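Below you'll find the structure, written out as C-alpha cells, and then a few comments.
Just so you know, all these numbers are worked out from the coordinates, no wet-lab data involved. Nothing here was measured: the structure is a model prediction, and the numbers come from that model. Here Cβ is always computed from backbone atoms with ideal geometry, including for glycine, and neighbour counts include all displayed protein chains.
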Amino acid sequence: MLAAVASIALTVFALADCIQTEDARVRGIPKWAWIVLVVLIPWVGPITWLLVGKDRTGEQSGGAPRPGPMAPDDDPEFLRSLDEQIRRERRERERRERGDGGDPGA
C-alpha cells in the first residue's frame, strides 16, 4: 500500500515538473516522450526524468535574478524615492513649524 502511494506521488511530481519545464531545457528525448515514459513506466520513468531528463544548470537560488516585477522593499529605486519623500516631508513640516509663529501671510 505504501509503495503504491509513493509511486503515485513520485509520478505526479515528476509529471508536473516535466510539463512545467521549458522545451529548451528538456534533455535526451522530446518532452512528449518524457511524459509518456513518466506515466507508463512506474518508478523508472519518474526517477529517470528527475535524474537526467531536465537540464538543471543555473537553477540554484544564487543564480541570476528572476525577471519580472520586484517587491517594493527589494527595489532600490523605490526605497531611494521613499527616503527622499520622507526627507522632503520632514523639511516642509519643520519649515511650517518655524514659520507658524511668524508671518501670517505665508
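Structure summary
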{"read-out": "Mean Cα-pair separation over length for segment 1-56, i.e. relative contact order, pairs under 8 Å, 6 or more apart, %", "value": "42"}
{"read-out": "Protection proxy ranking, peptides 71-82, 22-33, 4-15, average beta carbon neighbours within 10 Å, highest first", "value": "4-15, 22-33, 71-82"}
